[in-house]
């Protein structure tokens, strides 16, 4: 058993793992920022229920939600460079693919949150003379956000997990660091356990928060 | 820019072989995921604190670590303990235990949603505990959870593509092999994306249809 106790792991490896953890967090945050920006706009437009536009946006949302992220990443990283002059770096491909992927899921959440607000609220605000934006900002957002936050935090947790897939296009995130360390130390059992624990450490508090937010929303729903 | 989509048609057999293995992996891991998920859901709601704690730990672990890391752990980590692994079997087991975590949450919600009076009525008719579970709780819970379990299954099919990392010869792996042999990644990955979309769209269509026609019939 003695051979399993950190045989070849050095302080430098620990540094590497922590750096990988930082990269994973960074790439997830960037993807979520892109996803939230695009997803908000798309979800908002979808919530207006404009006949043709709404369907057109589904053409953006549904294929992204219904195809594997691995294929999307490979397409963006290997495919696009092959037929255009633009060849994205692993970082660019990773962030943008993950971001656009997030945006499709975020759009659905935004749309559902806005639609969860009762129509009467809009009508009441209009009848008081508020414009569309005033109604949205002052009346609807306050209520929609309660539905939005738990789902969105859940999405963030999910995107953190799938961000590990960017290691497959060679981007050095936490998973890739783990892969490199297993090649060097030949201790896959130990290394993958450590990597799993590191992901868990980032992810668990966020998913606990999602759960907490969900119970709060349910409590709200019962009062209101 | 010229496209050469003929590379797809020339190698269609190769890709379809991959699709077969994707189906194989999906079906087997669906079974593991469903039955293990059922067991974990019952552990979670059981009165025994220990069983419920184990179930919670299981679900939290598998939901808060990436599937890719779990797959690497199974595929590269277990041989270190003397367990010999093989790509397709490893993919099936890893996907099965992973989706069991997601399924158990859905099934648990379904079980909780069952009216207590239904269970009490069954008990008062003299059914044993196991009969109540088998004849009353599971069928009713599955009715409510059919749709969410279906979307879990679609997710499972999409997740099989992660097995490309251990080259399990499923659809995505074969696509990768093909693209590195033919230098046509754009055409190949685009077709693969479309193929997965067709697969999941038709599957969700089927799930919707079955649910409407047979499962949710009579539920208001």
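Do you know which residues across segment A:70-89 are in a helix (DSSP H, G or I) and either at the interface with another protein chain (Cβ under 8 Å from one of its Cβ atoms) or surrounded by fewer than 17 Cβ atoms within 10 Å (Cβ to Cβ) (or both)? Please lay out each step first, then the result.
Our first condition is that a residue be in a helix (DSSP H, G or I); within segment A:70-89, this holds for A:70-83.
Selection gives A:70, A:71, A:72, A:74, A:75, A:78, A:79, A:80, A:81, A:82, A:83.
Which number in (1) more than 22 Å from residue A:67 (Cα to Cα); (2) surrounded by fewer than 19 Cβ atoms within 10 Å (Cβ to Cβ); (3) within 15 Å of the chain's Cα centre (by Cα) marks the one condition that residue B:37 misses?
It is condition (2) that residue B:37 fails.
Quick one: in segment B:1-13, of everything that is loosely packed, with under 15 Cβ neighbours inside 10 Å and touching a helix residue (DSSP H, G or I) at 6+ places or on another chain (Cβ under 7 Å), which residue is nearest to residue B:170 (Cα to Cα)? Outline the logic, then answer.
Filtering segment B:1-13 for residues loosely packed, with under 15 Cβ neighbours inside 10 Å gives B:1-6, B:9-10, B:12-13.
In the following step, the residues that additionally are touching a helix residue (DSSP H, G or I) at 6+ places or on another chain (Cβ under 7 Å) were identified as B:1, B:3-5.
Numbers: B:1: 30, B:3: 25, B:4: 23, B:5: 21 Å.
In this case the residue turns out to be B:5.
Would you confirm whether any residue within segment A:6-15 is surrounded by 14 or more Cβ atoms within 10 Å (Cβ to Cβ), assigned to a helix (DSSP H, G or I) and modelled with pLDDT under 95?
To start, the set of residues in segment A:6-15 that are surrounded by 14 or more Cβ atoms within 10 Å (Cβ to Cβ) comprises A:9, A:13.
After this cut, where a residue has to be assigned to a helix (DSSP H, G or I) as well, the list is A:13.
Add one more test, that the residue is modelled with pLDDT under 95, and what stays is A:13.
Checking segment A:6-15: at least one residue is surrounded by 14 or more Cβ atoms within 10 Å (Cβ to Cβ), assigned to a helix (DSSP H, G or I) and modelled with pLDDT under 95.
Answer yes or no as to whether residue B:166 is within 14 Å of another protein chain (Cβ to nearest Cβ) and buried (at least 19 other Cβ atoms within 10 Å of the Cβ).
Here the answer is yes, as residue B:166 does meet what is asked.
Can you give me the number of residues within segment B:196-220 that are part of a helix (DSSP H, G or I) and surrounded by fewer than 20 Cβ atoms within 10 Å (Cβ to Cβ)?
The initial filter retains those residues of segment B:196-220 that are part of a helix (DSSP H, G or I), namely B:196-215.
Next, from what is left, pick out any that are surrounded by fewer than 20 Cβ atoms within 10 Å (Cβ to Cβ): B:197-198, B:201-215.
Going through segment B:196-220 one residue at a time, the tally reaches 17.
Filter segment B:76-104 down to the residues that are within 11 Å of chain A (Cβ to nearest Cβ) and either assigned to a helix (DSSP H, G or I) or at pLDDT 95 or above (or both), then identify the one that is surrounded by the fewest Cβ atoms within 10 Å (Cβ to Cβ).
Checked segment B:76-104; the qualifying residue surrounded by the fewest Cβ atoms within 10 Å (Cβ to Cβ) is B:81.
I'd like to check which helices (runs of 4 or more DSSP H) are fully inside segment A:130-203 and have at least 3 residues that are at the interface with another protein chain (Cβ under 10 Å from one of its Cβ atoms), under 21 Å from residue A:33 (Cα atoms) and at pLDDT 90 or above. Talk me through it step by step, then tell me what you get.
Values: elements: A:132-135, A:141-162, A:174-185.
Output list reads A:141-162.
With more than 23 Å from residue A:67 (Cα to Cα), away from chain A (no Cβ under 14 Å) and exposed (fewer than 14 other Cβ atoms within 10 Å of the Cβ) as the only criterion, which of B:125, B:142 stands out? Show your work before the answer.
Working: B:142 fails: exposed (fewer than 14 other Cβ atoms within 10 Å of the Cβ).
After applying the criteria, what remains is B:125.
Tally the residues that are free of Cβ contacts under 8 Å to residues at least 12 places away in the same chain and under 17 Å from residue B:152 (Cβ atoms), restricting the search to segment B:14-34. Reasoning before the result, please.
Within segment B:14-34, the first condition is being free of Cβ contacts under 8 Å to residues at least 12 places away in the same chain, and the residues that meet it are B:16, B:20, B:23, B:27.
From the residues that got through so far, the ones that are under 17 Å from residue B:152 (Cβ atoms) too are B:23, B:27.
Of the residues in segment B:14-34, 2 are free of Cβ contacts under 8 Å to residues at least 12 places away in the same chain and under 17 Å from residue B:152 (Cβ atoms).
The values are calculated or read from the model by the stated rules, or taken from the named source; none is laboratory data. Source: prediction; values computed, not measured. Every residue, glycine as well, gets a Cβ built from its backbone with ideal geometry; the counts of neighbours run over all protein chains shown.
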